[in-house]
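Data block below; observations after.
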Amino acid sequence: MSYMPLHSWWGTTTSDAWCDEVFSHAPGAGRAGATDSTLTNLQGGLSGVPYPADELATTDPLDGRPLLARYDLERAAKTLSDRQRDAGVPFRGVWRWDELLPVRDWSNVVTLGEGSTPLLEASRLGRAYGISQLLVKAESLNPTGSFKARGMTVAVSRAIELGAASFVMPSAGNAGGALAAYAGVAGVQATVVMPSDAPIVNQAEVVVCGADLILVDGLISDCGRLTARIAERTGAFNLSTLKEPYRVEGKKTMGIELAEDLGWSLPDVIVYPMGGGTGLIGMWKAFAELEEMGLIGGARPRMVGVQVEGCAPLVRAFLAGRQFAEPWAEATTEAAGLRVPSTVGDFLVLEAISESGGTAIAVPEAELAPTQSFAARHGAGFLSLESAAVFAALSELRSHHAVEPDDTVVVFDTGAGFKSTLPEVPARRSVGASDADWESLLSGYAPASQRGSTSASADSGP
Ligand SMILES: Cc1ncc(COP(=O)(O)O)c(C=O)c1O
């Protein structure tokens, strides 16, 4: 985006034409012409059948399963290996990996500056969980406050490149907010279909960004069915996760960044909150592509997928050794992004977890809010309930030796706390604004030197 200097805002009107001029986005982070995309074709994720890449695609016509993008990795490796040597890094963010992304021309790139999130050392939490190197990939620092921005910048850009003029999508919350924001950048119409109990902040985000919001008294799977009907009736392009090939490509960049963050190696363990599991599928795909290009070796992290006990179809299927997951009846959890009773990419998630030697685990609902607070008091910031779920899994993973003390463990903070359903705030002391009011308040405080350590400063376990 390009911004006008603040002083010149005064005295102007906010007509549509003015807004278009002020906020016309600089496509592709200011770049022009052809990208270095090496996209060659699409391929059925289950059937293996190849399909052409340069037309709007949804799922595999043979089986309704996800289509995956394939690249000329030999060609991509030529420029990416320069990057590995830290030479010629063009710019930060998702789009610096344009060789491994599907968009052909920079003029179609719709961006808000997503990606290049920090990988933070969580030393106090590491001590609390008995893990010597606990790292947090801070995806909540993305525009729109969640990792959904990565998928949306790529999927919206590519669909626009292939002729889509409007969008419709079901969402648990964050993806809908992201679609609305990116549709705003591109200046196209979007409709978001959410469960009526989706976090109010996500609902507000969609409306404020100018998208059409439809609330369904049901689950995300019901929203998916209505979305398909709207797409059929209106011709709007359906951006449901894994029902088009490119949201997963954007999420793949989490895996590329992780390798880059760790000096082109991978951690021992990745712990990730799973709704449909697209992020996990994307990272697993990234690792395969990086290996094929010779940028990393064959070692893989153990992938740990986390769900909540009230909705754990992928965990149940993994523990039963199944290839596909049965839909979960009566899905419930306050972590809206994890309230996903079924997913078309189930076999890809289950394959990645088992090939990696990892595991899947469901955490109790009752642990989400306390863990959200525990993690915040120990330095993780105000995390979403989805992110809290991964920290809630750590003790159990440690006690079952799925995570060992000397493992390098990367936990994904997929979304910001203020984008989740907010916790109850306990009654707070309030005070008037006069000196007299403050005197009585201050009389209750002792100098810091006389106070003992607080529970927030102790590194005890949760
Ligand atoms: C914050 C957050 N974390 C995790 C997820 C799960 O994402 P996925 O469905 O790609 O597994 C979501 C989905 O809405 C989310 O909003």
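Bear in mind these aren't lab numbers, they're just calculated from the coordinates by the rules spelled out. This one's a predicted model, so the numbers in the text were calculated from it and none came from an experiment. Ideal geometry is used to build each Cβ from the backbone, glycine not excepted, and the neighbour counts take in all protein chains shown.
Counting lysine pairs in the chain whose alpha carbons fall under 23 angstrom apart, excluding pairs fewer than 8 residues apart on the same chain, gives 20.
Give the longest segment of the chain that steers clear of chymotrypsin sites (Phe, Trp or Tyr not before Pro) in DSSP loops with at most 11 neighbouring Cβ atoms within 10 Å, not counting the sites themselves. Don't jump to the answer; show the numbers that get you there.
On the way: sites that count: 3, 10, 445.
It works out to 11-444.
Counting only DSSP beta bridges with both residues in the chain, the antiparallel share comes to about 30 percent.
So what is the relative contact order for the chain, in percent, with contacts set as C-alpha pairs under 8 Å and at least six apart? It would help to have the intermediate numbers written out before the result.
Details: 949 pairs, mean separation 73.0, N = 462.
After rounding, I find 16 percent.
Summary of packing: across the peptides 136-144, 296-304, the per-residue average of other C-beta atoms within 10 Å ranks them, highest first, as 136-144, 296-304.
With Cβ to Cβ distances under 15 Å as the rule, what net charge do the other residues near residue 416 carry (K, R +1; D, E -1)? Each step should come with its number before you reach the end.
Numbers: positive: 137, 148, 150, 419; negative: 114, 139, 205, 386, 413.
Net of charged neighbours comes to -1.
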